Amino acid sequence: MQPLSTHLVAALTCPDARPDNVPMVDPRDTYQDPLGERYASDEMLQNFSSNRRYRTWRELWIALAEAQSELGLPITQAQIEEMRRNAQAIDYERVAKLERELRHDVMAHIVAFGELCPSAKPIIHLGATSCYVTDNTDLILMRRGLEILREKLAHLLEAFRRFALEHKALPALAYTHLQPAQLTTVGKRAALWAQDFLLDYHEVTSRVEGLRFRGAKGTTGTQDSFLKLFDGDGAKVEELDRRVTRKMGFREAFRITGQTYTRKVDDLVLHALSGIAQSAHKFTNDARILQGFGELTESFEEKQVGSSAMPYKQNPMRLERISSLAKYVICDGQNAAWIQATQWFERTLDDSANRRISIPQAFLATDAILVLANAVVLGMKVYPAVIRRRVDEELPNMASEEILMLAVRQGGDRQELHEQIRAHAMESTAARRAGASRSDLLERLAADEAFAAVRPRIQELLDPSRYVGRAPQQVEAFFREEVDPVLQARAPGGASPSWEVRV
């Protein structure tokens, strides 16, 4: 997220140290990011907070000094301990003042940290480039952000599992081209939604497990500065890279980098987030249409207002909010693609301002999407009577195919019978469009002598469960064989995600 202004930092984080000539700034007098103010969870906001980012910079400087000391550079334990003691104490007002003078954010933090650690000051950031802290920190924050999203995806899959299995056998109209087709079940449709999010879960897992550290590579990635520090000992330079990588919790680092890690990584990560947004948008499109049909609704609280003008309204507010945020995430993913495509050689700085905004914002918006989606699925209400009424309106058309097959088995001519059904169906449809309350197709067929042989069986064909195929069994198998193993493989005892829907 973008850093707060100097005056706002002073007013909000250290009011006791506020200079007399700096007015107190009311947050309502300056722009507030809606993702932070209204939508994203505390844990994702904390992950991309200034404290998390800049304290991670200091952890990286400590890890570098530790590894350099372990490999023989003249860095004392006392210097390292001094850095550790002061790692959490960031004077943002001082940093802001230094950055105004130096016009360099990393140098401002190096100087401020050095002022707190006078004995360690000479060795802070030794041999490193700015991207040692900025890029490695971005990778750390993105990995944690992906882990948060993965856990929320797992909870969402659990919610879909309960809903789908509860309604696995409830017949409902299916649609192709948004026109009534053969039947499905409410649970089968929910399983289709869940399957998209399961694919997202696997994609996020792949990104988490495959994410590599930038490591200690120097200004253009050649490690020349570290090679000189170790008097040409390349083995120690490689070991330095490995040790820093392990100290910061990564299994491996990129073998080669420019000044930055390849921005292809950002594209892959934001592509995974875009995938979540795509799944969420598809789900909300379907659910909003079904709410319009009256077949289901998202939860509507006792005192909730649907419309300021129409008191009777129960709008799909959360579904619409998911859809709105999903569009943003899908578009935001293009930022990473363009940055990767337009980098020059070992690096250019035209990625920096964009990445400060686009990466955290994509995570915050995706986090909000999953919080909202979980709330929707857990509170979704199904209306079987409405669903059955809509099924009954189309069931005669569904039954006509089976009537055709039965009549053929009784010796009828398939082509002639097909034409008879088509003609009756067109007349029945025209009658409904003229105002008839329901389809009379089956009555028409029962009165037609061409179908006399199957007339006694026509009524028994009006059971909707005859037309859902293996949908209930498919739902059970999908969750048993594909979702349950994912849920069971999660690490036990992890922190429960925050699910508060803030507005």
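The values are calculated or read from the model by the stated rules, or taken from the named source; none is laboratory data. In this text, all values refer to a predicted model and were calculated from it rather than measured experimentally. Here the Cβ positions follow ideal geometry from the backbone for every residue, glycine too, while neighbour counts run over all protein chains shown.
The helices (runs of 4 or more DSSP H) found entirely in segment 64-166 that carry 3 or more residues being touching a Gly at 6+ places or on another chain (Cβ under 7 Å) are 130-166. Within segment 326-348, identify whether any single residue is within 27 Å of GLY187 (Cβ to Cβ), in contact with a Lys or Arg (Cβ under 7 Å, 6 or more places away or on another chain) and either of a type in the set (Val, Ile, Thr) or modelled with pLDDT under 95 (or both), and answer yes or no. No, that holds for no residue.
Considering only residues that are in a loop (DSSP other than H, G, I, E, B) and closer than 16 Å to GLN88 by Cβ, which ones fall in segment 31-63? Listed by number, the list holds a single entry, SER49. If the condition is being over 25 Å from the mean Cα position of the chain (by Cα), touching a residue at least 60 places away in the same chain (Cβ under 8 Å) and in a loop (DSSP other than H, G, I, E, B), then segment 204-247 contributes GLY215, ALA216, LYS217, GLY218, THR219, THR220, GLY221, PHE230.
Here THR342 meets each of (1) touching an Asp or Glu at 6+ places or on another chain (Cβ under 8 Å); (2) over 30 Å from THR222 (Cβ atoms); (3) exposed (fewer than 15 other Cβ atoms within 10 Å of the Cβ); (4) not aliphatic (A, V, I, L, M) with one exception, condition (2). Which of the residues belonging to segment 249-282 are within 13 Å of the chain's Cα centre (by Cα) and of a type outside the set (S, T, N, Q)? VAL269, LEU270, HIS271, ALA272, LEU273, GLY275, ILE276, ALA277, ALA280, HIS281, listed by residue number. Which condition does SER496 not pass, out of (1) of a type outside the set (A, V, I, L, M); (2) more than 30 Å from ASP42 (Cα to Cα); (3) modelled with pLDDT under 90, if it passes all the others? Condition (2) is where SER496 drops out. Assess whether LEU192 counts as being modelled with pLDDT of 95 or more and within 30 Å of ASN47 (Cα to Cα). No; evaluated as a whole, the condition is false for this residue.
The selection criterion, being touching a residue at least 60 places away in the same chain (Cβ under 8 Å), touching a helix residue (DSSP H, G or I) at 6+ places or on another chain (Cβ under 9 Å) and over 30 Å from PHE197 (Cα atoms), does not hold for LEU417.
Here ASP267 meets each of (1) within 30 Å of LEU349 (Cα to Cα); (2) touching a Phe, Trp or Tyr at 6+ places or on another chain (Cβ under 7 Å) with one exception, condition (2).
Scanning segment 346-362 for residues that are in a helix (DSSP H, G or I), closer than 22 Å to ARG103 by Cα and of a type outside the set (S, T, N, Q) gives LEU349, ASP350, ASP351, ALA353, ARG355, ARG356, ILE357.
So for segment 369-379 (the condition being part of a helix (DSSP H, G or I) and either without any contact (Cβ under 8 Å) to a residue 60 or more places away in the chain or hydroxyl-bearing (Ser, Thr, Tyr) (or both)), does at least one residue qualify? The answer is no; no qualifying residue exists. Checked against the criterion of being in contact with a Gly (Cβ under 6 Å, 6 or more places away or on another chain), in a helix (DSSP H, G or I) and at pLDDT 95 or above, the candidates SER279, SER274 yield just one match: SER274.
Consider GLY435 carefully, then state whether it is under 47 Å from the mean Cα position of the chain (by Cα) and surrounded by fewer than 17 Cβ atoms within 10 Å (Cβ to Cβ). Yes. Put simply, of VAL386, VAL382, VAL376 the only residue that is surrounded by fewer than 16 Cβ atoms within 10 Å (Cβ to Cβ), modelled with pLDDT of 95 or more and touching an Asp or Glu at 6+ places or on another chain (Cβ under 8 Å) is VAL386. Of note, GLY411 satisfies the criterion of being outside any helix (DSSP H, G or I), surrounded by fewer than 20 Cβ atoms within 10 Å (Cβ to Cβ) and over 51 Å from the mean Cα position of the chain (by Cα).
Residues in segment 164-181 include at least one that is of a type in the set (Lys, Arg) and farther than 24 Å from LEU268 by Cα.
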